[in-house]
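Read through the structure below, which is laid out as C-alpha cells, and then see the notes.
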Amino acid sequence: MTHDEILTKLRERFGTDSFTTSEFRDNRRVIVPAERVYAFLEFLKAECGFDQLSELTAVDYLYYPDAKDRYGVIYCLLNTTTGVRLIVKTYVNDPDPALPSVFPLWKGADWLEREVYDMYGIVFQGHPDLRRILLPEEFTSFPLRKDYPLRGRGERHNFPVLTRAES
Amino acid sequence: MPLELAEIGVPPEGDEKEYLWTLNFGPQHPATHTTLRLILTLDGETVVKAVPDIGFLHSGFEKLGEHLDYNQYVTIVDRMNYISPIHNEIAWHHAVEKLLGIEITPRCKYLRTICAELSRIQDHLLNVGAAAIDLGAFTAFLYAFNPREKIYDIFERCSGQRFHPSFTRVGGLINDVDDIWINMVRDFVKTFPKAHADITRLLSRNRIFIDRTKGIGVLSKEDAINLSCTGPIARASGVVRDLRKDEPYLAYPDFDFQVVCATAGDCYARYLVRMEEMLQSLRIIEQAIENLPPGPVNVDVESKVVLPDQTAVYRSIEGLIQHFELIMSNRKWATPRDEIYAAVESPNGELGYYIVADGSGVPYRARTRPPSFIHFAIFPYLIVGHMLSDVVAVLGSLNIIAAELDR
C-alpha cells in the first residue's frame, strides 16, 4: 500500500478536511487534530497495516518561527511487511497538554510516552504507569521545554545529599 | 532514589502474598555492566515481576543538542553508544545530510560503510563476550577483546582518537585515510575469521552455554513488532527487516551480503544472529576496501556546507570567507525550516534522529531514537517466569548500553 492509497483511505474514512498533509524529502506526514489522533492511529494500525510504532517524540515550538501551537507530538509508524513509513503529527497546548495513550495499540509506546511526559509534561491519558522515567520522582520541571534553561534551575546544587552518618 | 515499593505494584508487608520477596538488582552490579537498576519480585527463585528503574546516567544530551551546531554535536552522539561510537556519528550526519539535501561523495560513502561495519563487529564482539562472561565463560570474552583492540587501532589511525573518534563531518569526513589504514583493514579482514572461529568453538556447542541460553527470554514475532524491537533482537524473532537492505543508504546497495535471521527468539538465537552478522559485516568490509573509489572525501566546497582545507583558509580569500561563515555562531548552515526523521541500522537496531531545523545552524530539536531504550522496555516481558539467574542471560542478550538508554 503506497502513501497515496493510505491518504485516500483516510479521506474516505475521516473526511477530506479532517487532516492536512506535508512532505519533506522522503518523510510523509499527516497532521491531525489532537482529539482525533487516537481514532486515526487505530485506523492506520487496523486498516493500513502499520504494526510498529517506531518512534514517538515531542517538540516544544515555543520559540519556533511562525509556530501557532506549543507542543507537537510525533508518531512515526512503520509497516514491517512493506516497509512503508508514515509520520502522524498532532499539536497540544498549555495549560494542560494531554493526549490519549496509544499503549493499547502498541505496547512499545509504554516507555516512549513516559519519556515524553518526563521531558515535556504532556500527559498521556490511559497510560498504565505514567511516572517519570529518566529524572528523579521529586523533579518538578520539564527540562526539554524551551523555557527551561540549559543549566537548570539549581536542582543539581540543591539535590539532597545523603551522608554516611545519616545512612 | 525515593521510589516507593507500593507505587510500582509490590505488595506491602503483611499482605496475603507475603511469600513473595523483593530483590534490588543494581544500579551498581557487575552483571548490569552499566548503571541500571531492576526491582525484582521473586517467588522462591522465579521472577514474578521486574520493574526497571533507569535514569542514573541521564546527562541531558538532547538538551545539549539544541545548543550545539551540526558539527559540534557529533562529539556528544559519540558518547551515547560508546561500544560502537562511530555508528552514532554516521547516523547523526546521515540525518543532517538528509535534512540539508547533501549527496556525499562515493569515497566518503565507502569509508563510512567500512567504519560502520567495523563498529558493528566491535559491538557484537563485546556483546557476545559480555553475555558469555555473565554466564561464567571467561575465555570467550578475552578472545573477543583481542580483535576489538585492533578495531580501536584502526579508528585511531584514521581519526586520531581510539574511543570517541568524531570522524564524520557534515558533507564528509574530518580527513581522508592513508595506505597504512587500508592495509590495517585488510589485515583485520584476514585475521578476524580465526578469532571468530575461536569464539564459535568456545560457545556455539558449549553445553553449559546452550543450557543457560536456549529457551530463555523467548520473544515472539508478534511481540517483537508490537514492542518496537528492531535489529538483531527482532531478527532473532523472525522479523526479516534490515534497513541496510530495506532502505538502502551509504554504499550498501553495491555489496553482496545477507540479512541474518532466526526464528526461535531466545537468547541463544540472538547470540547466533550476532555471530553470523559479524561474518556478513566482514564480507561487506572486504568488498568495500578492495573497491574503494578514488576522489575527494568531502563534497565540493562550493556547496557551502563543508569546511575548506587548511591551505585554502590560509592562502585564499574565498577559503577564509567560507571558514568564517561556517564557524561564526551567527552564520553557519542555512537549513530549511522543516523536520526530518532519518534512521540507520546500528548494531543494536534502528538508530534514528528526528531533527527539527529552524533555519539556523543549530538544531531546534535533536531527538535520538535509542535502540537500547526501546529494547530495555521489553525486559519485563521477557523475564517473567524465569529464574533469577536468567536475569543476567537476558540482560546480556539485549545489549543494553546505559549511556544510550539514559542519554
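The values are calculated or read from the model by the stated rules, or taken from the named source; none is laboratory data. Computed from a prediction, not measured in an experiment: that's the story for all the values here. Cβ coordinates were reconstructed from backbone atoms using ideal geometry, including for glycine residues, and neighbour counts include every protein chain displayed.
A few remarks follow.
- Of residues in segment B:357-372 being surrounded by fewer than 23 Cβ atoms within 10 Å (Cβ to Cβ) and free of Cβ contacts under 8 Å to residues at least 60 places away in the same chain, the one farthest from A:Arg25 (Cα to Cα): B:Ser360
- In segment B:321-336, the residues that are in a loop (DSSP other than H, G, I, E, B) and either among the basic types (Lys, Arg) or more than 8 Å from chain A (Cβ to nearest Cβ) (or both): B:Met328, B:Ser329, B:Asn330, B:Arg331, B:Lys332, B:Trp333, B:Ala334, B:Thr335
- Just one of the listed residues (A:Arg131, A:Arg85) is basic (Lys, Arg) and farther than 19 Å from B:Ser228 by Cα, and it is A:Arg131.
- Number of the exception - B:Ile401 against (1) over 24 Å from B:Thr75 (Cβ atoms); (2) in contact with a Ser or Thr (Cβ under 6 Å, 6 or more places away or on another chain): (1)
- Check on B:Asp390, among the acidic types (Asp, Glu), farther than 30 Å from A:Val116 by Cβ and crowded, with 19+ Cβ neighbours inside 10 Å: yes
- Selection of segment B:182-219 for residues being within 19 Å of B:Arg157 (Cβ to Cβ) and among the charged types (D, E, K, R) yields B:Arg186, B:Asp187, B:Lys190.
- Matching residues, segment A:142-167, being surrounded by 14 or more Cβ atoms within 10 Å (Cβ to Cβ) and in contact (Cβ under 8 Å) with a residue 12 or more places away in the chain: A:Phe142, A:Pro143, A:Leu144, A:Arg145, A:Lys146, A:Glu155
- Those residues of segment A:115-167 which are basic (Lys, Arg), over 17 Å from B:Phe56 (Cα atoms) and within 14 Å of another protein chain (Cβ to nearest Cβ), in sequence order: A:Arg145, A:Lys146, A:Arg151, A:Arg153
- In segment B:241-292, residue farthest from the other protein chains (Cβ to nearest Cβ) [restricted to those that are closer than 22 Å to B:Gly101 by Cβ and not in a helix (DSSP H, G or I)]: B:Ala251
- If you go through segment B:39-58 and keep only what is within 14 Å of another protein chain (Cβ to nearest Cβ) and either over 28 Å from A:Phe142 (Cβ atoms) or in contact with a helix residue (DSSP H, G or I) (Cβ under 7 Å, 6 or more places away or on another chain) (or both), you end up with B:Ile39, B:Lys49, B:Ala50, B:Val51, B:Pro52, B:Ile54, B:Gly55, B:Phe56, B:Leu57, B:His58.
- Selected residue (criterion: modelled with the highest pLDDT) from residues of segment B:3-51 that are in a loop (DSSP other than H, G, I, E, B) and among the charged types (D, E, K, R): B:Glu45
- The lone exception for B:Glu222 - which of (1) within 28 Å of A:Leu78 (Cβ to Cβ); (2) in contact with an Asp or Glu (Cβ under 9 Å, 6 or more places away or on another chain); (3) crowded, with 18+ Cβ neighbours inside 10 Å it fails: (3)
- Scanning segment B:209-237 for residues that are touching a residue at least 40 places away in the same chain (Cβ under 8 Å), within 14 Å of another protein chain (Cβ to nearest Cβ) and part of a loop (DSSP other than H, G, I, E, B), we see that the one that is nearest to B:Leu135 (Cα to Cα) is B:Leu219.
- Matching entry among B:Glu404, B:Glu350, B:Glu339, B:Glu318 (being closer than 19 Å to B:Gly172 by Cβ and charged (D, E, K, R)): B:Glu318
- Scanning segment A:86-109 for residues that are free of Cβ contacts under 8 Å to residues at least 40 places away in the same chain and basic (Lys, Arg) turns up just one, A:Lys107.
- Residue selected from segment B:337-386 under the condition among the charged types (D, E, K, R) and facing chain A (nearest Cβ under 10 Å), by the criterion farthest from A:Val116 (Cα to Cα): B:Arg337
- Unique residue being buried (at least 20 other Cβ atoms within 10 Å of the Cβ), among the β-branched types (Val, Ile, Thr) and free of Cβ contacts under 8 Å to residues at least 12 places away in the same chain when the list is B:Ile133, B:Ile83, B:Ile151: B:Ile133
- If you go through segment B:158-181 and keep only what is crowded, with 16+ Cβ neighbours inside 10 Å, part of a helix (DSSP H, G or I) and not aromatic (Phe, Trp, Tyr), you end up with B:Cys158, B:Ser159.
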